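To start, the structure under review is shown below, and the notes come after it.
The values are calculated or read from the model by the stated rules, or taken from the named source; none is laboratory data. Model, not experiment: these values are computed from the prediction. Here the Cβ is made from the backbone with ideal geometry for all residues, glycine too, and neighbour counts use every protein chain on show. SASA here: full protein model, heavy atoms, side chains in, ligands and nucleic acids out. Shrake-Rupley method; radii C 1.70, N 1.55, O 1.52, S 1.80 Å.
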Amino acid sequence: MKFKLTLPLFIVAMFAWSCGNDDGSDTDTDTDTDVELSAAFEEFDTDNTNIYLDGSQVVIETNGLPNHTSPYWSSTHALYVNPIVTTADDMAPGDIDDFNGSYTLRVSANASKASSTSSTGLGAIGIAISGSVIYNDQEGPNVPLDNAAPSLDYTGAHTGPQSYHYHLEPKAWSNDDTALIGIISDGFFLYGRKCASTSTYPTDLDESGGHTATTQHQSDTALYHYHIQNELYLNQYYILFPGNYQGTPNAIN
């Protein structure tokens, strides 16, 4: 897939930019830098997302809709399928068709680690390549995901107060592999359980499921990114992002 650009791919930043180390941490060295879109953004569905550079920031706009099948589409929709993992009785109320909104996330084109980690909150914490949003491992205030697991469809998602969103490994396009899942709101990409640098499960992940390594989108430079952690949840699932932000989160509005 190709992504949309409303600005040129390469924009020369005519100001001093604080570069990050290979591990994503900040340094005190200022230098002029070319700002460009990561090749990872080519994976995002162009019918549901619009991605472009605005100075030193990447803007990700989405309509919040997924590009794959689900029992949460209305029964007359072309992408509707019968529930397999969940049941009609267990499904959350509302069809995907009812949640046709819009979300915008602005992140640094050169994301860097913050001086300290911060916890994720309820609601959208990232945007998936399908166009829908990513949630953490909580269903509500002090409500663990366990309570809502029966309502999740085959790709680890369900409808909620504001959107169709993913909590678990999205099997519509990723299942025990290196696939790109999306971007977390601190600007770091989230990949599947395996890492392209070794084609197997990484053993050096930090408490947020992140590490510094090459990816299929950046094979010449090791960059910090997250992975779905290869730890079973309820003996059958893999939570997308149960950790803290390693960078500074940005609002998804």
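Within region 196-222, if we keep just the residues that are within 14 Å of residue 40 (Cβ to Cβ) and touching a residue at least 24 places away in the same chain (Cβ under 8 Å), the residue that is surrounded by the fewest Cβ atoms within 10 Å (Cβ to Cβ) turns out to be 221. If you go through region 206-216 and pick out every residue that is more than 19 Å from residue 175 (Cβ to Cβ) and in a loop (DSSP other than H, G, I, E, B), you end up with 3. Within region 151-182, being open to solvent by 10 Å² or more (accessible area, probe 1.4 Å) and modelled with pLDDT under 95 holds for 160, 161, 162. Evaluating residue 131 against the criteria (1) free of Cβ contacts under 8 Å to residues at least 60 places away in the same chain; (2) part of a loop (DSSP other than H, G, I, E, B); (3) not acidic (Asp, Glu) leaves one unmet condition, (1).
Condition test on residue 46, is it of a type outside the set (Phe, Trp, Tyr) and modelled with pLDDT under 95? No: the conditions fail for residue 46. Tally the residues that are more than 18 Å from the chain's Cα centre (by Cα) and of a type in the set (A, V, I, L, M, F, W, C), restricting the search to region 123-144. Within region 123-144, residues that are more than 18 Å from the chain's Cα centre (by Cα) and of a type in the set (A, V, I, L, M, F, W, C) number 1.
Residues in region 217-243 that are under 16 Å from the mean Cα position of the chain (by Cα), over 20 Å from residue 123 (Cα atoms) and in a loop (DSSP other than H, G, I, E, B): 217, 229. Here the condition is being open to solvent by 10 Å² or more (accessible area, probe 1.4 Å) and assigned to a helix (DSSP H, G or I); of 97, 90, it holds for 97 alone. Quick check on region 136-146. Is at least one of its residues at positive phi and modelled with pLDDT of 95 or more? Checking region 136-146: not a single residue is at positive phi and modelled with pLDDT of 95 or more.
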